[in-house]
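Asker: Quick one: the structure is below, and I'll ask about it shortly.
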Amino acid sequence: DGGITQSPKYLFRKEGQNVTLSCEQNLNHDAMYWYRQDPGQGLRLIYYSQIVNDFQKGDIAEGYSVSREKKESFPLTVTSAQKNPTAFYLCASSPYLTAGYGYTFGSGTRLTVV
Amino acid sequence: QKEVEQDPGPLSVPEGAIVSLNCTYSNSAFQYFMWYRQYSRKGPELLMYTYSSGNKEDGRFTAQVDKSSKYISLFIRDSQPSDSATYLCAMTASYDKVIFGPGTSLSVIP
């Protein structure tokens, strides 16, 4: 079945540590996105990529980094510069230039700082 | 003022009731409007999308867009306990950036 796989489902980070969240899709979608979800707030865009080897910052990119070396993969690194990383992280994808027709989301990764 | 506002609820209704979920927005450039359903600890799933103003129906779900009032609604008929979830509205003016509302939590009581 086609879809988006995010791993791990739960992740614990120590202070000062970098961690990487995985996102893989087999939908042949060109565009991929990373969102952060906090209680009582809408999804906030961290980074997005329309094509391989190209990506743009979203609204809250500080403290995060991404890469897009393959069409299927869009990993997100949460660096030690991100001061409040505890949140639910969602990866999404869509065909090129069709964001208005909706995204396909993964099941999310819940990151907790310990 | 936030770009997209949505009553967070929680909204609790008896099984079989008609549910009305609403969002208001401030950016008149928005043209594409979406509704997502999100179960606890899961990713959102797309329920419906509409372009510009008007109504769209899909089974028990009806989406309405009133661009003149900057107001969108999702109606759920004959609500079921399986409809208990958080409902997110979303919208975009362009092809690459979607703005999400904070979500409304719905509980359908058997």
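The values are calculated or read from the model by the stated rules, or taken from the named source; none is laboratory data. Everything numeric in this text was worked out from a predicted model, so none of it was measured. Positions of Cβ are backbone-derived with ideal geometry, glycine not excepted, and every protein chain shown enters the neighbour counts. In case anyone asks, the SASA skips ligands and DNA or RNA and just uses the protein heavy atoms, side chains included. Shrake-Rupley method; radii C 1.70, N 1.55, O 1.52, S 1.80 Å.
Asker: May I ask you to give the percent of accessible area on the stretch B:13-104 that is carbon plus sulfur, with a probe radius of 1.4 Å?
Answerer: Its accessible area is 46 percent carbon and sulfur atoms.
Asker: So what's the net charge close to A:Ser73: Lys and Arg +1, Asp and Glu -1, counting the other residues with Cβ under 15 Å from its Cβ?
Answerer: -2
Asker: Kindly sort B:Val19, A:Val52 by accessible area of their heavy atoms, largest first, with the probe set to 1.4 Å.
Answerer: Sorted by accessible area, descending: A:Val52, B:Val19.
Asker: Now for a different question. Taking R0 as 41 Å, what FRET efficiency do you get between B:Ser28 and A:Ser7 from their Cβ-Cβ distance, rounded to the nearest 0.05?
Answerer: Computed FRET efficiency for B:Ser28 and A:Ser7 comes out at 0.55.
Asker: Here's another thing I want to ask about it. If the convex hull of the alpha-carbon atoms of chain B is projected onto planes in all directions, what is the mean projected area in square nanometres?
Answerer: 6.6
Asker: Tell me the total accessible area that B and A bury against each other, 1.4 angstrom probe, in square angstrom rounded to 100.
Answerer: It comes to approximately 1900 Å² buried between B and A.
Asker: Could you work out the relative contact order of chain B? I mean the mean sequence separation of Cα pairs under 8 Å and 6+ apart, divided by the number of residues, in percent.
Answerer: So the answer I get is 37 percent.
Asker: Another one. Give me P(r) over the protein assembly as shown, computed from all C-alpha to C-alpha distances, binned every 5 Å, as integer percentages.
Answerer: Once binned at 5 Å, the Cα pair distances of the protein assembly as shown give 1, 7, 15, 18, 19, 16, 12, 7, 3, 1, 0.
Asker: To continue, here is another question. I need the trypsin sites (Lys or Arg not before Pro) found in the stretch A:31-100, filtered to DSSP loop residues with at most 10 other beta carbons within 10 Å of theirs.
Answerer: Taking the stretch A:31-100 and a limit of 10 other Cβ atoms within 10 Å, the loop trypsin sites (Lys or Arg not before Pro) found are A:Lys83.
Asker: Taking a ≥ b ≥ c as the square roots of the Cα gyration tensor eigenvalues, with a/c under 1.5 meaning rounded and otherwise prolate when a/b beats b/c, else oblate, which class fits the stretch B:44-100?
Answerer: Verdict is oblate for the stretch B:44-100.
Asker: Based on the alpha carbon coordinates of chain A, what radius of gyration and maximum Cα-Cα distance (Dmax) apply, in Å?
Answerer: Cα-based Rg and Dmax for chain A come out at 13.2, 39 Å.
Asker: Could you work out, residue by residue across A:93-102, how many beta carbons of other chains sit within 10 Å of that residue's beta carbon, and then give the average as an integer?
Answerer: 6
Asker: I would also like to ask the following. Give me the 1.4 Å probe accessible area per residue for the protein assembly as shown, excluding ligands and nucleic acids, in Å².
Answerer: Value for the protein assembly as shown: 47 Å² per residue.
Asker: Heavy atoms of the protein only, probe of 1.4 Å, neighbouring chains included. What is the accessible area of B:Asp66 in Å², nearest 10?
Answerer: Surface accessible to solvent at B:Asp66 totals approximately 60 Å².
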